[in-house]
Amino acid sequence: MTELLKLSDVWVEYGDKIVLEQINLTIEEGAFVSVIGPSGAGKSSLLRLALGQEAPSRGKIMLDGVPLPPECGPDRGVVFQHYSVFPHLSALGNVMFGLECAQSPLLAKLSGAARRQAREEASQMLEEVGLQDNMHAYPAQMSGGMQQRLAIAQALIKRPRILLLDEPFGALDPGIRNDMHQLITRLWSDYELTVIMVTHDIGEAFKLGTRVLTLDKWRHDPHAPHRYGAKVVYDIPLTRKREETSEDGIAATAPTNPSDEGGITIDRIDNN
Amino acid sequence: MRWVNRHVSRSRGLMMGAIPIILLVLLYLVAAAERHAINPSDKILPLPGAMVDAMWGLLFVPDQLSGRLLFWADTAASLQRLFLGLGISTLSALLVGLLLGLLPPVRATFGMLVTGIAVIPPIALLPILFIAFGLGETAKVALIVIGIAPFMIRDIAGHVAALPREQILKAQTLGASTWQLMIRVALPQVLPRLIEAVRLSLGPAWVFLISAEAIAADIGLGYRIFLVRRYLAMDVILPYVAWIALLAATIDFILVWTNRKAFPWAHGGRR
């Protein structure tokens, strides 16, 4: 596997508050990386770095061997917990948006054959995520789970190099969340995606990931707690093959309930 | 049952809404009749018959001097000024509001200026407008624009700036340029708000229109009211005020209806 995203000695500081320090990380193509850690440990900051929403205050980030510009681009797809879809567009319109932007720089609208082709491609993508019966519905008419399916379809239509997920299933109820796990596993396998997922749910992190990163503060100064940032304290590779997930779905992975494993203690300094 | 939980059905609501209006009309009639019992030529509270007589001349009899039907000419002149002012304000609010709300450098450059203009009382600028544009139509339309456009611009800019950051980022990951973001993400989402802003500025727009017409005009609803005030002609003033209220309410209703029909996504998908 080739390396896709490489962070070397990356620091994130806001004023004199250090959020992340000494992040050295290489993410390989095709990996499903789960990022966990207590609140305020910089999980979302790490994702913002990968997204290009923020530049690191020190260090380098390389994507495919090229320095990452501090701006979002179509090579990185993203799904947030909320507000990921456009409320004024139907499901079909939401998915077509990415195609329209690329093909029509001036109006971002297509017509004729190009429109029909984009429509076709978008409806196939909606079928992939199980929204074939809701193509003309507006997000306000959809449940939370359906909106997240739509957000995933919308991101995947651009075939991004990396798919970034920021607690994508955090607001869903457990049954729907399980469906979404199967969906994302299938898409990860079918589209050969590279995924970075930030989550609060340790079970979810181990169930889906091929690698689990734990961010936490590793030193603590009681007088100036903001002067030490978080770094990767655990980097756990999981033996999970793309093939087995594509054959019999989610059942083949993670037989034990990982949240029972005694070795993984996230909240050692009681700051959660 | 608590009053907060009492649901009022549509037909019942209409009926209940009519009660205070009917009561007010009755109160007026009783008061007018009492005054007329004491002084049959009272001008302060005219009876409906006197209003019909006075309005008949304005509605259907051409003016001896100009040959126009004054009521309709007044209405046309005032509505033309109002719609010109509203139209210019709406377009500039959309354009400037989008730029201010979406582009941080534009906001940094012009944000303070817009705020500064917005806090100047527009009537204080009226002399300047009269000096600059003369006493014609331009000055009156300009007063409406100066009166409501800054408020609308700030409202639209605020609404654009309050769009979830996630949406702006997501659009960029889908390959949208600044221009595409503006016309495909920000513009359509701000349109329902724009109609709402027009509704809210309708009241101030009428105030500025009537003020401008009262000070310098030779036709218009506001001009007529202030003209006949000299003769204590309440039998013209009252119907004119009622007519202005009716016009304003109709425009408001049309705007609400348009908003619901044109942007179903903004109202939970219901049509």
Task: Alpha carbon convex hull of the range A:86-159, projected area averaged over orientations, nm² - done: 4.5 nm²
Open item on the list: Quick check on chain B: helices-only [θ] at 222 nm, where DSSP H runs of length 4 and up contribute -39,500 (n - 2.57) each and the sum goes over total residues. Nearest 500, please.
Closed with: -25500 deg cm²/dmol
- [ ] State, to one decimal in nm, how far the label point of B:D218 lies from the label point of A:E13, with both points 7 Å from Cα in the Cβ direction.
- [x] 7.4 nm
- [ ] Can you tell me the 0 to 90 degree angle between the C-alpha axis of helix B:187-215 and the longest principal axis of chain B, rounded to 10?
- [x] 30 degrees
Open item on the list: Given points 7 Å out from each Cα along the Cα-Cβ axis, report the B:V241 to B:R68 separation in nanometres with one decimal.
Closed with: 2.5 nm
TODO: Evaluate the charge dipole of chain A about its Cα centre and quote only its size in Debye, nearest 20, assuming +1 on the Cβ of each Lys and Arg and -1 on the Cβ of each Asp and Glu.
DONE: 660 debye
- [ ] Return the inverse of the average 1/r over all pairs of distinct C-alpha atoms in the protein assembly as shown, which is the Kirkwood hydrodynamic radius, in Å to one decimal.
- [x] 28.4 Å
- [ ] Pick out which of A:G112, A:G30, A:G209 has the largest mean-square fluctuation in a Gaussian network model of chain A, springs linking Cα atoms closer than 10 Å.
- [x] A:G112
Task: Average beta-carbon neighbours from other chains, 10 Å sphere, peptide A:46-57 - done: 1
Task: Around B:A186: net Lys/Arg minus Asp/Glu count, Cβ-Cβ under 15 Å - done: +3
Task: Folded to 0 to 90 degrees: helix B:234-262 orientation relative to chain B principal axis, Cα - done: 30 degrees
Open item on the list: Testing the spin-label approximation: label points 7 Å from Cα along Cα→Cβ at B:A248 and A:R227. State their distance in nm.
Closed with: 6.4 nm
- [ ] Kindly state, to the nearest 0.05, the FRET efficiency for A:Q124 paired with B:M1, given R0 = 60 Å and r defined as their beta-carbon distance.
- [x] 0.65
TODO: With springs connecting C-alpha atoms under 10 Å apart, model chain A as a Gaussian network and identify which of A:L46, A:L165, A:L89 has the largest mean-square fluctuation.
DONE: A:L89
Open item on the list: Per-residue Cβ counts within 10 Å, from other chains only, averaged over A:108-115: what number is that?
Closed with: 2
Task: Within straight-line cross-link reach of A:K158, lysines at Cα separation under 18 Å, skipping those fewer than 8 residues along the same chain - done: A:K109, B:K170
Open item on the list: Taking the Cα of A:R58, stepping 7 Å toward and past its beta carbon, and measuring to each backbone N in the range A:1-20: which are under 20 Å?
Closed with: A:6-20
Task: Amide hydrogen neighbours beyond the local backbone of A:V35, cut-off 5 Å, H modeled - done: A:M197, A:V198, A:T199, A:L213
Open item on the list: With the alpha-carbon atoms as the only input, what is the per residue convex hull volume for the range A:1-114 in Å³?
Closed with: 164 Å³
Open item on the list: Can you compute the FRET efficiency between A:S143 and A:V66 using 1/(1 + (r/R0)^6), with r the Cβ-Cβ distance and R0 = 30 Å? Round to the nearest 0.05.
Closed with: 0.15
- [ ] Go ahead and set up a Gaussian network model of chain A, Cα springs under 10 Å, then flag whichever of A:K43, A:K17, A:K158 fluctuates most.
- [x] A:K17
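A short reminder: the numbers here are calculations on the coordinates, not readings from a lab. These numbers come from a predicted model, not from an experiment. Backbone-built Cβ (ideal geometry, glycine too); neighbour counts: all protein chains shown.
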